[in-house]
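First the structure, in the form of structure tokens, and then the observations on it.
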Amino acid sequence: MSDDDYDSLAEYYENEIQATEQSDEPTPLKILDETTILDEPLDTILLEVYKRGETTLPEVTSRIDIPQAKVKRYLGELRLQGYLGVEYHGGDKYYFVKSRWETEEFPSGPVIPLVYQYNLLSDEQRLSAIKEAIDEHVSPGDIVTDLGAGVGVLSYLASERAEKVYAVEMDREVYEKGREIMTSHGIDNVEYIRGDARDVDLPEQVDVVMCEMLDTALAAELQVPVMNYAVDELCKADSTVIPAEAKTSAKLIQSDYEFYGGTFRLPHFEEYGSRESESFSDETVYHHVRFDEQNAELVEQQITMTATSAGTVNGMQLNTDVRFGDGLDFVGASPWLDAPLNLPFDTEYSVEPGQELTVKLSYQLGGGLNNITYEVVDS
Ligand SMILES: C[S@@+](CC[C@H](N)C(=O)[O-])C[C@H]1O[C@@H](n2cnc3c(N)ncnc32)[C@H](O)[C@@H]1O
């Protein structure tokens, strides 16, 4: 079927729906949904790129009655919003529609749906620590970006002083709500961009990067991959980053895994009324990153923990502390930030004070909780 067979956009939609319904293949992209927040001519241009798979600026222009310079600007806008990616073949730039925005693509679950955003706002300890860093480090006239903006609370706080804030959010519903909230407050210096913070293009370099994609051990959310990208692509030489640094430690614990006579040895966050574990060692810091630097995305460590009291240990607990701005204190877990993560061992170990236990731990930062592997290698 050639593109000329499509007399109208409506016919194109119809054919797409039919083709999808008849095919066993997964839909390559929910493009019909995606276009709903795009105005003409962006949606027509997006469909042109989608129909061709990969295409160049001259090709798109030849099919649309719009001057090439404008098409170029619209393609740039679609790219900025995260709909299009580019690749270079033989020196030519090819545009393609980025596939799949569904959360299945992110098994680690870094997308935080709208229903949880209120909970994030309600965590006063988390937000007051970030606000302190914003008050301290965002100066009048600054260009700021808020990566993983959610419904825009950090952008809102920064907008009072910053000249411009680029708020980047991947989830459509969250993005739309954030944009609506900024508009309803009459805030016109926050520009919401729907896109992936790992490769978003901004129109200018920024003075301050804010990014709260933190989680315990930085294992599930994309803090490190996003900040690695931001440091290389979005920052000036002397940009400030919020948060500034994070350190993760491990300690020996005993958790209670007995429920109604059964043993359920499961990794878990110690939060929301879950049973409290007992500590059997001090914390050993095994991972420390500054977010204004490039950081390795693989953690591979042998961690030795020394028992401080006698007893039986059956797991270890990971804790992440964050310093949101240079000169501020580290903050630990709060209801929606870095809850202690308890990882059970396969077996129990009797320990005496001074006895060492070594665990081999490895995971990809941002690779999801399921990618954490660990084993006791010496006891
Ligand atoms: C922990 S929330 C923080 C929201 C807000 N900044 C705050 O502090 O309340 C992280 C946000 O990042 C978004 N997110 C996750 N991965 C993303 C990505 N690759 N690109 C853009 N946003 C992303 C999530 O949907 C979520 O809204």
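Table for the structure above
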| item | result |
| --- | --- |
| For ILE242, residues with placed amide H under 5 Å, excluding near neighbours | VAL209, MET210, CYS211 |
| Set of segment 234-269 residues, backbone N closer than 19 Å to the point 7 Å along the Cα-Cβ line of SER379 | 250-258, 263-268 |
| Sites LYS51 and SER122 - FRET efficiency at Förster radius 35 Å, r taken between beta-carbons, to 0.05 | 0.20 |
| Top of TYR156, TYR272, TYR74 by mean-square fluctuation, Gaussian network on the chain, Cα under 10 Å | TYR272 |
| The chain: antiparallel DSSP beta bridges as a percent of all, rounded to 5 | 75 percent |
| Segment 114-242: relative contact order in percent, alpha carbon pairs under 8 Å with at least 6 residues between | 24 percent |
| Reachable lysines, given that their alpha-carbon falls under 22 Å from the alpha-carbon of LYS236 and they are not under 8 places away in the same chain | LYS164 |
| Listed residues VAL138, VAL359, VAL200, most fluctuating in the chain (Gaussian network, C-alpha, under 10 Å) | VAL359 |
| Extension gain (nm, one decimal) between GLU59 and ASN371, 0.36 nm per residue minus Cα-Cα | 108.1 nm |
| Candidate lysines - alpha carbon under 19 Å from LYS51, same-chain residues fewer than 8 apart omitted | LYS30, LYS72, LYS93, LYS98 |
| Gyration tensor verdict on the chain (Cα atoms; rounded if a/c is under 1.5, prolate if a/b is larger than b/c, oblate otherwise) | prolate |
| Distance in nm between pseudo-label sites at THR183 and THR263 (7 Å out along the Cβ direction from Cα) | 5.8 nm |
| Expected 222 nm ellipticity per residue - DSSP helices of 4 or more, -39500 (n - 2.57), all of the chain, to 500 | -8000 deg cm²/dmol |
| Full-stretch length increase - GLN294, SER274 - with 0.36 nm per residue and alpha-carbon distance subtracted | 3.6 nm |
| Cα centre as origin, Lys/Arg/Asp/Glu Cβ charges: the chain dipole, Debye | 440 debye |
| Length added when fully stretched, THR304-GLU173, from 0.36 nm per residue minus Cα-Cα | 42.7 nm |
| Computed label-point distance, nm, for sites ASP329 and ASP232 using a 7 Å Cα→Cβ extension | 3.7 nm |
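Taken together, the values in this text are just the output of simple stated rules run on the coordinates, not laboratory data. None of these values were measured; they are calculated from a predicted model. Cβ: placed from backbone, ideal geometry, glycine included. Neighbour counts: every protein chain shown.
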